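Here's the structure we're looking at; comments come further down.
The values are calculated or read from the model by the stated rules, or taken from the named source; none is laboratory data. No experiment lies behind these values; they were computed from the predicted model shown. Counting neighbours? That spans all protein chains shown, and the Cβs are built from the backbone with ideal geometry, glycine included. Remember, those area values only see protein heavy atoms, side chains included, never the ligands or the DNA or RNA. Shrake-Rupley method; radii C 1.70, N 1.55, O 1.52, S 1.80 Å.
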Amino acid sequence: MIIVLTAQADSKSVASALQGLGLWTRALVGAATPVILEVESHSASVSPAVIEAIEGVAEVRQRKSAHPRVDRQAPTFTLTLRHGPALELGDGTTLVAGPCAVESPDQIDETAALVASAGCRLLRGGAFKPRTSPYSFQGEGLQALDWLDAAAEKHGLGVVTEAMSELHVTEVAAVADIVQIGSRNMQNYALLAAVGRTGKVVLLKRARGASVEEWLSAGEHLLVHGAPYVIFCERGIAGANTELRNDLDVGSIALLHHIHGHFVAVDPSHGAGRRDLILPLAQSGAAAGAQMVLVEVHPQPAEARSDGPQALLPEQLRELAKRLGIAPAAVAGNGQPYTSRFPEFYKKSMEQRQQTLASTLGLSAETQRYLQTGGLDMDVADHMTENVISTFALPLSVALNFRVNGRDHVVPMVVEEPSVVAAASNAARMVRATGGFRGDATASVMTAQVQLDGVLGVDGAAETLRQRRDEIIALANQAIPRMVARGGGCVDVDVRVLDRDSGLLVLHLYVDVGDAMGANVVDTVAENVAPAVQRWVGGSVGLRILSNLPLRRLVHIECDVGEEFLGGADLADGIARASRFAEMDPFRASTHNKGILNGIDAVAVALGQDWRAIEAGAHAYAGLGSDYRPLSVWRRTETGLHGSMELPLAIGTVGGSTQAHPGVRAAMELVRIDGARQLAVLMAAAGLASNLAALRALAGEGIQQGHMRLHARKAESAAHVVLTVHKGAA
Ligand code: PEP
Ligand code: MN
């Protein structure tokens, strides 16, 4: 930076004012007046406006940057992934892990599983290896890209892999979410141009002997040729250290991140070359400002075909993830990452599906047995309802691809209607591509009602009850000590005057029922407070029962869908128009809502929930205003569609039929839910997915075409039954 002073300026005092700001300057030789000061390169970074405000400064001139595109890069970036929801780079620390080289299908699959279970979203691994010696392992080449892609898809990970030569750029870019340029190729400008042209995000390793300027200029090459974003990765430079492979330049990380405002990655593996220093170096890189940490890990480092000494052990990767504040992914019963992605599941036989779920999710022996036989024991059935004469079966299916609030869930569904499961799975897959569903649920607060008739002075009576609020709450809680001990209990009351003439007054009791559906709990509460209430205000006690419109037990769900996943802009427009239609017409809204409940009810039945309560609540909520309205709305966005929905959902994960029915226990094991609120969010997601799928079909080819395909399948199996019966008769 050059600072030109005014003719009258006292250059010494200007220089010392600049020094006060951390700017060290020297006067350019030969420029007597006006004095021109050059700022030394190791000075602090100060905005020109601040400098120009100093008395005696006429003008501040910036040197023209050699890398303007790099300078303009934002410090955050949304990285879309081929297998998995988009990733916000710069929002917390991103840990990338994987082997130095992709060695075999099994090795990369095993490594991907451990990388995913540690909570990482990106898998690294080289198909082409730049080795110092031509006698060392050079990588498995093109076939390794296929192995890497399969492992990434199976475990829902993004891929970082190196393009070593222009010859294979297309193949590498086809599987990579981030193309790596290795340290040795940082200044291979022809390669940079070819990789830039693929339009992929690039991770640019710093060359061992490169200055920061050379590194940034290499990034400029990539951006000029079309790369949407360049991640600068520090991986150690040549230094005086003999016990480490390279000298990790943490200062440059701090400079790039804190001064130049870049998103920076650190690779301590190639920096250290030895596994015992990787954890501290990774943390120092992160502390200096790196928001991406790239490490090598191997399930059996001793067997690694390259860079074994620096490969982290699996437990070291988990420790590193923990230290970087990355939450481990949900794990299945077998310790493997829990996933809801099972490509081509529908093409497998029923037995293969059971086996796939059992081995991937580590299902218990009890659940595996149940899946094989299905059904319900006559004794259990006899205790569930009255006048039981037999049992009655329906198919148990799983809807796949669901990701809700960053977690996968296999969604069990029991429904007699074809296409509900397939439709929900398809929609969940589209939504998954843009990050999955996001949602939350209020506390599980149920509403109980106590009816009082013939109350005299009904407004005064209502006021009396309001004043006795604390007493009523205390009375309510006396009735449910176990719920109170679990952190639930009555939290509020409300009084409503429904009819002055007849003195009809209703007391509402709001009870947090935790993970229960709560009908029994609130009925108990209502019955327990009714006598005291009647004593205080007179009249006669009527009903004491829950309301199926629990307005304080709401769930909200939303999602975004890219139009490319939806099947184009026309379909996105069509769905938004369908939403508006439903918003204006109760005749359409009822069908719209039925499409939502297709998904919700199917999950409810599988999980032993009271689906009539859900239906009652949903429709009452839809009709709360002056018109019956759709529970969900869909709006066009720049990139596709945004859907959102809110509804009451009274469901539980404890009590009710959850424990009694073995199918419900199996379904609960499949879905892996932590409590009623999480289940409510997931059920809402199943509803919104079903809704999206139905609207997409209606806005596109129409509902009949898909239906007919599935009906044809059913007809085929019916024909099969007839045939067998005939054969049996013959
Ligand atoms: C690598 O990451 O596999 C690699 C070869 O790194 P570098 O280019 O930094 O040596
Ligand atoms: Mn390596």
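Computed on the range 332-373, with alpha-carbon pairs under 8 angstrom and 6+ residues apart, the relative contact order is 53 percent. Considering only Thr132, Ser117, Val70, and ranking their Cα positions along the charge dipole of the range 20-179 that arises from unit charges at the beta-carbon of Lys, Arg, Asp and Glu, the one farthest toward the positive end is Val70. Summing charges over all other residues whose Cβ lies under 9 Å from the Cβ of Ala151, with Lys and Arg as +1 and Asp and Glu as -1, gives -3. Of the residues Thr356, Phe345, Thr367, the one whose Cα sits farthest towards the positive end of the charge dipole of the range 332-373 is Phe345 (charges of +1 on Lys and Arg Cβ, -1 on Asp and Glu Cβ, taken about the Cα centre).
Taking every protein chain into account, the 1.4 Å probe leaves Leu624 with about 90 Å² of accessible area, to the nearest ten. When Thr242, Thr447 are compared by accessible area at a 1.4 angstrom probe, the order from most to least is Thr242, Thr447. Simple point charges give the picture: +1 on the Cβ of Lys and Arg, -1 on the Cβ of Asp and Glu, and for the range 9-85 a dipole about the Cα centre of about 500 debye. Here, the range 574-698 has an Rg and a Dmax of 15.3, 49 Å when only alpha carbons are counted. Angle of helix 314-323 to the longest C-alpha principal axis of the chain, folded into 0 to 90 degrees and rounded to 10: 90°. Shown for the chain: lysine pairs separated by 8 or more places, or found on different chains, whose C-alpha atoms are under 29 Å apart, numbering 19. Roughly what would the spin-label model give for Glu564 and Asp459, points 7 Å off Cα along C-beta, in nm? It is 6.4 nm.
Rounded to the nearest 0.05, what FRET efficiency do Lys322 and Glu344 have when you use their Cβ-Cβ distance and R0 = 22 Å? Numbers along the way, then the final one.
Details: r = 35 Å, r/R0 = 1.59.
For R0 = 22 Å, the calculated efficiency reads 0.05.
Of the listed residues Lys129, Lys322, the order by accessible area with a 1.4 Å probe, largest first, is Lys322, Lys129.
Think of each Lys and Arg Cβ as +1 and each Asp and Glu Cβ as -1; about the Cα centre, that makes the dipole of the range 332-373 roughly 120 debye. Spatially, the range 230-287 and the range 625-657 are offset by 47 Å when compared through their Cα centroids.
Between Gln19 and Thr637, what FRET efficiency comes out of the Förster formula 1/(1 + (r/R0)^6) with R0 = 41 Å and r the beta carbon distance, rounded to 0.05? Provide the component values of the computation, followed by the final result.
On the way: r = 51 Å, r/R0 = 1.25.
FRET efficiency, Thr637 to Gln19: 0.20.
Using only alpha-carbon positions in the range 1-139, the gyration tensor eigenvalues give semi-axes of 53, 19, 12 Å once each is multiplied by 5 and square-rooted (largest first). Once the Cα atoms are used to define both axes, helix 675-699 deviates from the longest principal axis of the chain by about 80 degrees. In this rough spin-label picture, where each label sits 7 Å from Cα along the Cβ direction, the Asn334-Asp440 distance is 3.7 nm.
If you sort Phe565, Phe342 by accessible surface, 1.4 Å probe, largest first, the order is Phe565, Phe342.
By DSSP, the beta bridges lying fully in the chain are antiparallel in about 65 percent of cases. Fully extending the segment from Thr78 to Ala393 would add 108.8 nm, taking 0.36 nm per residue of separation and subtracting the current Cα-Cα distance. Segment Glu416..Asp470, full-extension length gain: 14.6 nm, with 0.36 nm per residue of separation and the alpha-carbon distance subtracted. Between helix 105-117 and the chain there is an angle of about 70 degrees, using the helix long axis and the longest principal axis of the Cα atoms. Here the relative contact order of the chain, from alpha carbon pairs under 8 Å that lie six or more residues apart, stands at 10 percent. Taking only the alpha carbons of the chain, we obtain Rg and Dmax values of 32.5, 117 Å in that order. For the chain, the Cβ-based charge dipole about the Cα centre amounts to some 580 debye (Lys, Arg positive; Asp, Glu negative; other atoms uncharged). Shown is the FRET efficiency for Ser47 and Val212, computed with R0 = 22 Å from the Cβ-Cβ distance and rounded to the nearest 0.05: 0.60.
Within the chain, the longest segment free of exposed loop sites, counting GluC sites (Glu not before Pro) that fall outside DSSP classes H, G, I, E and B and have at most 16 other Cβ atoms within 10 Å, spans 417-637.
When you restrict to C-alpha pairs under 8 Å that are six or more residues apart and normalise by the size of the range 2-63, the relative contact order lands at 49 percent. All other residues whose Cβ lies under 13 angstrom from that of Arg208 are scored, Lys and Arg at +1 and Asp and Glu at -1, for a net of 0. Specify whether the C-alpha gyration tensor of the range 348-466 places it in the rounded, prolate or oblate class, a ≥ b ≥ c being the square roots of the eigenvalues: rounded for a/c under 1.5, otherwise prolate if a/b is larger than b/c and oblate if not. Oblate, because a/c is 1.5 or more while a/b does not exceed b/c.
Computed over the range 2-63, the range of Cα coordinates on each principal axis works out to 26, 22, 20 Å, biggest value leading.
Counting only heavy atoms of the protein chains and using a 1.4 Å probe, Phe77 has close to 50 Å² of accessible surface. Taking H placed 1.01 Å from N in the peptide plane, check which residues at least 5 places from Ser104 or on another chain put their amide H under 5 Å from its amide H. Long-range HN contacts for Ser104: none found. Taking each residue as 0.36 nm, the span from Met378 to Glu315 lengthens on full extension beyond its C-alpha to C-alpha distance by 17.9 nm. The alpha carbon gyration tensor of the range 332-373 gives principal lengths a ≥ b ≥ c with a/c of 1.5 or higher and a/b no greater than b/c, which makes the shape oblate. Here Lys205 sits with roughly 10 square angstrom of accessible surface, probe radius 1.4 Å. Expressed as a whole percent, the proportion of Cα-Cα pairs in the range 445-546 lying more than 24 Å apart is 17%. Where only DSSP H runs of four or more residues are counted, the chain gives -13000 deg cm²/dmol as its mean residue ellipticity at 222 nm, each run worth -39500 (n - 2.57). Legend: Rg and Dmax of the range 169-313, from Cα coordinates, 15.0, 42 Å.
In nm, to one decimal, how far is the Ala254 label point from the Ser165 one, both placed 7 Å along Cα→Cβ? In this crude spin-label approximation the distance works out to 4.2 nm.
Each of Leu21, Met164, Ala576 was scored by the projection of its Cα onto the charge dipole of the chain, and the greatest displacement toward the positive side belongs to Met164; charges sit on the C-beta of Lys, Arg, Asp and Glu. Tell me the net charge near Ala576. Cut-off is 9 Å between Cβ atoms, Ala576 excluded, with +1 for each Lys or Arg and -1 for each Asp or Glu. That works out to +3. Overall form of the range 104-159: prolate. Here a/c, set by the Cα gyration tensor axes a ≥ b ≥ c, is 1.5 or more, and a/b is the larger of a/b and b/c.
Rounded to whole numbers, the Karplus 3J(HN,Hα) couplings from phi for the range 499-511 are 7, 5, 4, 8, x, 8, 10, 10, 9, 9, 10, 9, 10 Hz, using 6.51 cos²θ - 1.76 cosθ + 1.60 with θ = phi - 60°, and x at Gly and Pro.
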